[in-house]
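Notes for the one structure printed next.
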Amino acid sequence: MKVDYDVIIVGAGAAGNIAACVLSEAGKRVLLVERGKQRTYADDGHRDHLRNHRLQAYGFNTGPEIDGNPRVYVGPDGSRHVVKPYQGAYHANAAAIGGGTLVYGGLAWRFHPSDFRMASIYGVPEGSSLTDWPFSYDELEPWYERAEHEVGVSGSGNGDRNAGFRRRDYPMPPVSDNPASGRLRSGARALGLSTFTPPLLVNTVPRAGRGACIRCGSCVGFPCPSNGKNGTQNTMLPRALETSRCELLAETVVEQVAVDDSGRVTGVYILETDGTGHVSRRRIHSHVVILSAGAIETARLMLMTRTRREPNGLGNNGDQVGRNLQGHYYPTVFGLFDEQVQDSNGPGVTIATTDYNHGNDGVIGGAMLADDFVMLPIILWKSGLPDDLPRYGLKAKHFMRDGFTRIAQIKGPVHEIPSADCRVSLAHDVLDKYGRPVAQLSGITHPETVRTANYILEKADAWMQAAGAIRSWGRKQTLRLSAGQHQAGTCRMGEDAAISVTDSFGKVWGHDNLFVCDASLHPTNGGYNPVLTVMALAFRNAEHIASTI
Amino acid sequence: MSDEKTRGFRLETFRAVLDRIIPADDYPGATDCGVDRFILALWDAGLVADPQAITEGLLALDRRTEHPFERLMPAEQDDLLSKCDGEAWFRVLCELAAEGFYADPANGANPGAVSWEMIGYRPGLPEGPSGPDKNPRDAVRGRLWA
């Protein structure tokens, strides 16, 4: 058997591009397969406020294609719905070169040291699958540093009094204040909260041959006009391609993992469409396969690859693959001020506190709280207006007219208390355009998550009031399935093969050459935006893989 | 744009309702900006959720008045619409109108980014409010003329 590559990586997103760079720079021959397209600011169409990754009213500005890629969503009442990629219940992650990092806001958080020890600190609530990570913050610290310096993060290294130990400051200074920052800072001071400027994967100064952020008013959800937003597509992927040992196969779907008669992984099957629309499959061989397709599609690929030895999918003899699907609840408070607090200068996130990530009375875990990216006007209309405001007439129009520049937000991602019942499985009765069963999403987050989320909502509201808002409002959180762009947890790493899918380097139990490398590995997903942790894990695990093959 | 005859409701009522959802004042109202065309394009593309409910809502509105809705005084129109507040079809229509009025100009119903000027949103893109005007590779997922 001719082995074409040392490593095949499925998915060119936050983790896949880093793994490709690390492995190819270590001398390995790498094939990187991505179903999405290469997209840039210039060729992404107009700045469509209705079709982007912040507001997907009728589509979005990356993939997957709207038709032919459904999922099944099972509601809390057990009803099944076939959903399209832009619909909320689909829980889409951007399919493009760079994945979500092409369009993210780029909040670049290290998880809190206590985030790695949730079960030890809080115990395991009944019905939840809360657990510790198989290693501590200290293990990940050097890899966070690599991500911050090699992908590029701006921030203030000594700003966060609750953060874990760090050896090195960020490579770029933090973003500037906007008119809301001062109000929120003095409000926090009145409450005794510590605040600082949040870290962002955004160039605040020209760096690595690319410009600085030009402070446009539509950062998150879109490709960057100055290319000063650091995704993996403009940082790590170019480095991988420069080695000449990494090949990128874009707009190509991996049908499933290839295995031999004994069930050993030998590569992948890709699907190729010719000029007439005919689809054929091709087997490509490699020593190692790394799945970096995101928590939903990675689990789906594992479940779709069935062998005599593993009739329910790769690594799934213990019925763990696809379980513990989680993301983040996002309690959000809006505050109306008597003066301008919004000047449209992006990115817009300027002030945060981590005082509520742990040590909260009577709830498990917590969340980082911060102000938000500059809001698109239509997003304010759709999700930011007070409930008692009419949606028609001059009242609505004048609220938009007078309110848009006077509204600030405080929000934060709540550390989810996972449930094994939240899961990705296969819908054998609903097929994608290639005839494969689609992902079915079901389950409801553990109720403790909602208690924490509503606790955090109250804290955010108190902060907004202390900042001098003349009026504040926000929505109580309710139980639901949570995954979305922060999807995680479906191939949890651990030390016990009975209750995890991989070892602590992402190697799938029962296999010596199949790895998972993305947020699927996260045993819990932190009270922060998870992407820097995805990146740090990718650096760590890819270096480990490079040293063992 | 479809032929008027294929609609299950009166376009005059539809447009007059839109102009009370987003009335003109110092700044233009809904139909001044093309919000009616924007919604009908979505409608024709099959992207309006439950169009039947909107049709029935508009027909019910017509049945409540002796005179055509568009000829009523604004105060009378508002009075009738206030009775629809809370009805699903009306809420959906308000949201569709806002989508056109407050989205980027390239979506077709925010000419010259007039609503953004009104509220003080500054897009800050080098090419102007809608950003790049070319899309040489292919269309944005799910895009349509609107």
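The values are calculated or read from the model by the stated rules, or taken from the named source; none is laboratory data. Just so it is clear, the model here is predicted, and its values are computed rather than measured. When we count neighbours, we look across all protein chains shown, and the Cβ atoms used for this are built from the backbone with ideal geometry, even at glycine. Ligands, DNA and RNA are excluded from the accessible area calculation, which covers all protein heavy atoms including side chains. Shrake-Rupley method; radii C 1.70, N 1.55, O 1.52, S 1.80 Å.
Of the residues making up the stretch A:234-260, just one is surrounded by fewer than 23 Cβ atoms within 10 Å (Cβ to Cβ), closer than 27 Å to residue A:154 by Cα and in contact with a strand residue (DSSP E or B) (Cβ under 8 Å, 6 or more places away or on another chain), namely A:241. Going by what's in this entry, would residue B:55 be described as more than 7 Å from chain A (Cβ to nearest Cβ), surrounded by 14 or more Cβ atoms within 10 Å (Cβ to Cβ), more than 17 Å from the chain's Cα centre (by Cα) and among the hydroxyl-bearing types (Ser, Thr, Tyr)? So residue B:55 does not fit the description; no. Of the residues contained in the stretch B:87-95, none is found to be in a helix (DSSP H, G or I), within 30 Å of residue A:227 (Cα to Cα), open to solvent by 50 Å² or more (accessible area, probe 1.4 Å) and more than 11 Å from chain A (Cβ to nearest Cβ). Inclusion of residue A:469 among residues that are in a helix (DSSP H, G or I) and buried (at least 23 other Cβ atoms within 10 Å of the Cβ) is not warranted.
The residues on offer are A:298, A:307, and the sole one that is within 29 Å of residue A:448 (Cα to Cα), at pLDDT 95 or above and outside any strand (DSSP E or B) is A:298. Select from the stretch B:116-131 the residues that are under 17 Å from residue B:100 (Cα atoms) and either more than 7 Å from every other protein chain (Cβ to nearest Cβ) or polar (S, T, N, Q) (or both) and list them in ascending order. Once the filter is applied, which keeps residues that are under 17 Å from residue B:100 (Cα atoms) and either more than 7 Å from every other protein chain (Cβ to nearest Cβ) or polar (S, T, N, Q) (or both), the stretch B:116-131 yields B:117, B:129, B:130.
Condition check ((1) within 14 Å of chain B (Cβ to nearest Cβ); (2) within 18 Å of residue A:109 (Cβ to Cβ); (3) part of a loop (DSSP other than H, G, I, E, B)) across all residues:
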| residue | (1), (2), (3) |
| --- | --- |
| A:338 | no, no, yes |
| A:375 | yes, no, yes |
| A:380 | yes, no, no |
| A:401 | yes, no, no |
| A:404 | yes, no, no |
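Look at (1) under 22 Å from residue A:182 (Cα atoms); (2) more than 28 Å from the chain's Cα centre (by Cα); (3) open to solvent by less than 10 Å² (accessible area, probe 1.4 Å) and you find that residue A:397 fails only one, number (1).
Going through (1) in contact with a helix residue (DSSP H, G or I) (Cβ under 9 Å, 6 or more places away or on another chain); (2) surrounded by fewer than 17 Cβ atoms within 10 Å (Cβ to Cβ); (3) in a helix (DSSP H, G or I) one by one, residue B:8 falls short only on (3). Against the numbered list (1) within 14 Å of chain B (Cβ to nearest Cβ); (2) touching a Leu at 6+ places or on another chain (Cβ under 7 Å), residue A:321 comes up short only at (1). Cβ separations smaller than 8 Å between residues 6+ apart or across chains give the following pairs from the stretch B:53-71 residues that are aromatic (Phe, Trp, Tyr) to residues that are in a helix (DSSP H, G or I): B:69/B:12; B:69/B:13; B:69/B:16; B:69/B:17; B:69/B:61; B:69/B:62; B:69/B:77; B:69/B:80.
Out of the residues in the stretch A:208-233 that are in contact with a helix residue (DSSP H, G or I) (Cβ under 6 Å, 6 or more places away or on another chain) and either more than 14 Å from residue A:105 (Cβ to Cβ) or within 11 Å of another protein chain (Cβ to nearest Cβ) (or both), state the one that is surrounded by the most Cβ atoms within 10 Å (Cβ to Cβ). Checked the stretch A:208-233; the qualifying residue surrounded by the most Cβ atoms within 10 Å (Cβ to Cβ) is A:232.
Of all residues in the stretch A:31-63, count the ones that are of a type outside the set (Asp, Glu), open to solvent by 10 Å² or more (accessible area, probe 1.4 Å) and more than 8 Å from every other protein chain (Cβ to nearest Cβ). Selection size over the stretch A:31-63: 7. Checking each residue in the stretch A:345-372 for being within 14 Å of chain B (Cβ to nearest Cβ) and buried (at least 21 other Cβ atoms within 10 Å of the Cβ) picks out A:346, A:347, A:348.
Does residue A:321 count as aliphatic (A, V, I, L, M) and part of a loop (DSSP other than H, G, I, E, B)?
yes
Could you count how many residues in the stretch B:61-77 are farther than 19 Å from residue B:93 by Cβ, open to solvent by 100 Å² or more (accessible area, probe 1.4 Å) and outside any loop (DSSP other than H, G, I, E, B)?
1
Checking the stretch A:151-162 against the condition returns a match, with at least one residue being more than 14 Å from every other protein chain (Cβ to nearest Cβ) and over 29 Å from residue A:211 (Cα atoms). Based on what the data block shows, is residue A:264 under 25 Å from the mean Cα position of the chain (by Cα), surrounded by fewer than 24 Cβ atoms within 10 Å (Cβ to Cβ) and not hydrophobic (A, V, I, L, M, F, W, C)? Here the answer is no, as residue A:264 does not meet what is asked.
I'd like the residue in the stretch B:105-115 that is surrounded by 23 or more Cβ atoms within 10 Å (Cβ to Cβ) and modelled with pLDDT of 95 or more and, out of all such residues, is nearest to the other protein chains (Cβ to nearest Cβ). Looking at the filtered set, the residue picked out is B:115.
Looking at B:61, B:18, B:47, B:72, can you tell me which residue is within 22 Å of residue A:390 (Cα to Cα), facing chain A (nearest Cβ under 10 Å) and either in contact with a Leu (Cβ under 9 Å, 6 or more places away or on another chain) or of a type in the set (Ser, Thr, Tyr) (or both)?
On the way: B:61 fails: facing chain A (nearest Cβ under 10 Å); B:47 fails: within 22 Å of residue A:390 (Cα to Cα); B:72 fails: facing chain A (nearest Cβ under 10 Å).
Matching residue, one of B:61, B:18, B:47, B:72: B:18.
Determine if the stretch A:143-159 includes at least one residue that is assigned to a loop (DSSP other than H, G, I, E, B), under 24 Å from the mean Cα position of the chain (by Cα) and crowded, with 20+ Cβ neighbours inside 10 Å. Yes, the stretch A:143-159 contains at least one residue that is assigned to a loop (DSSP other than H, G, I, E, B), under 24 Å from the mean Cα position of the chain (by Cα) and crowded, with 20+ Cβ neighbours inside 10 Å. When we screen A:190, A:208 for residues that are more than 24 Å from the chain's Cα centre (by Cα), modelled with pLDDT of 95 or more and among the small types (Gly, Ala, Ser), the only hit is A:190.
Exactly one residue among A:429, A:388, A:421 is part of a loop (DSSP other than H, G, I, E, B), more than 14 Å from chain B (Cβ to nearest Cβ), surrounded by fewer than 18 Cβ atoms within 10 Å (Cβ to Cβ) and out of contact with any Asp or Glu (no Cβ under 9 Å at 6 or more places or on another chain), and that residue is A:421. Exactly one residue among A:76, A:85, A:134 is open to solvent by less than 20 Å² (accessible area, probe 1.4 Å) and assigned to a loop (DSSP other than H, G, I, E, B), and that residue is A:85.
Would you confirm whether or not the stretch A:4-14 contains a residue that is surrounded by fewer than 24 Cβ atoms within 10 Å (Cβ to Cβ) and in a loop (DSSP other than H, G, I, E, B)? Reasoning before the result, please.
Just the residues of the stretch A:4-14 that are surrounded by fewer than 24 Cβ atoms within 10 Å (Cβ to Cβ), to begin with: A:4-6.
Checking which are in a loop (DSSP other than H, G, I, E, B) leaves us with A:4.
Yes: one or more hits.
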